[in-house]
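Just below is one structure, and these are the notes that go with it.
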Amino acid sequence: MEAFASTSGFPAWLVLGFGSALLLGLYDIAKKRSLDGNAVTAVLLLCNLFTFLGVLLMWRVAFPSETLPDLGLRDHAMLAGKAGIVTASWLCTFRAIKRLPISISAPIRASAPLFTLVGAVFLLGERPGPAQWAGIAAALLGYWSFSLAGRKEGIDFRRNRWVLWMLLGTMIGGTSSLYDKVLLQRAGYAPFTVQFWFSVYGVALQSAILLARRPKGFAWRWTIPLVGLFLAMADRLWFQAMHCPDALAGVLSVVRRSSVVVTFALGTFLFRERWSARKALSLAAVLCGLWLLSLG
């Protein structure tokens with residue numbers, strides 16, 4: 001992908017971000033199917049376990065030269081913090097995804113860049129250019145319009161508790177992108193180091209949660225390992241993109257959430273959900289925003 005970027009004129013981090021978005025869309029679809037009728041904590045742990053196995057597979061097959069540095073207690077605490085943030089976000093969003101139509105849950109989840117952008121501007125001092133601001137605005141308008149479409153399907157966004165769970169998980173997830181920039185650019189950790197230890201601590205934390213809750217009701221589905229493999233590849237591209245010195249966390253988070261296009265288009269077909277003109281226009285707004293981001 002970096003070679004493509006050098007010949008197309010696109011920044012490498014932007015190309016990597018779009019690749020991550022494509023894989024993340026497939027991950028969302030596999031996740032929705034895996035959660036159907038299953039305990040959230042059990043699916044969460046298994047998905048993260050297969051993500052870790054995917055990381056190990058990529059290490060041995062695609063990146064055998066990469067090594068893990070010796071880390072101190074402070075380093076491990078910072079990487080464990082990443083696992084804690086993401087696990088908290090997933091516990092909220094997995095519960096909502098299980099019960100909401102994917103054509104509603106995916107766009108709500110895609111609003112994470114709004115929280116990331118606010119933090120990137122006010123906390124990290126990022127300054128997107130005019131075209132990038134326009135692209136972010138268009139994409140966020142499309143995400144917001146997606147959410148409004150849910151009202152016509154009988155989902156009251158002010159009273160539906162699963163919508164509120166989705167929003168809470170999305171807000172927590174928005175902080176994860178900012179933390180990634182701190183880990184990869186300011187603290188200087190290599191992408192593989194972050195991905196490896198984040199997966200290790202995620203498995204440990206989610207195992208403890210599963211043992212504490214002891215949920216009932218689980219049926220194996222072959223989409224569960226797919227969730228882990230898609231996420232492992234999507235995260236690899238994401239961490240690599242965020243590691244680029246000129247990468248903008250606010251812009252990258254919007255690009256990553258363009259996965260909603262893949263999730264919505266395939267999800268509505270696979271799960272036989274309603275497709276409306278409003279939703280089609282919302283998709284068009286998202287695509288327009290991504291085009292403007294590319295120009296920026």
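Some values worked out for this structure:
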read-out	value
Calculated FRET efficiency for the pair Leu266/Leu73, C-beta based, R₀ 51 Å, to 0.05	0.70
Ranking of Leu281, Leu91, Leu252 by count of other Cβ atoms within 10 Å, fewest first	Leu281, Leu91, Leu252
Potential lengthening between Ala212 and Ala137 on full extension [0.36 nm per residue; Cα-Cα distance subtracted]	22.8 nm
Rel. contact order, % - alpha carbon contacts under 8 angstrom, at least six apart, the stretch 190-296	28 percent
Rg over Rh, two decimals, the stretch 17-295 (C-alpha only, Kirkwood Rh)	0.95
Two-decimal ratio, the stretch 171-230, of alpha-carbon radius of gyration to 2.2 N^0.38 Å	1.45
Derived scalar couplings ³J(HN,Hα) [the stretch 20-30; Karplus, 6.51 cos²θ - 1.76 cosθ + 1.60; whole Hz; x for Gly, Pro]	4, 5, 4, 5, 5, x, 5, 4, 5, 5, 4
Sum of side-chain charges, Leu168 neighbourhood, beta-carbon under 12 Å (Lys, Arg +1; Asp, Glu -1)	+3
Selected from Leu23, Leu56, Leu73 as most flexible by GNM, with the chain as the system and alpha-carbon contacts under 10 Å	Leu73
Fewest-first sequence of Tyr27, Tyr179 by Cβ atoms within 10 Å of each Cβ	Tyr179, Tyr27
Electrostatic dipole magnitude of the stretch 17-295 [Cβ: Lys, Arg +1; Asp, Glu -1; Cα centre; debye, to 20]	1120 debye
Residue order, fewest to most surrounding Cβ atoms within 10 angstrom, among Met166, Met233, Met171, Met78	Met171, Met78, Met233, Met166
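No value in this document is a laboratory result; all are computed from the given coordinates. In this text the structure is predicted, and so the values were computed from the model without any measurement. Please note: Cβ atoms are built from the backbone with ideal geometry, for glycine as well, and neighbour counts cover all protein chains shown.
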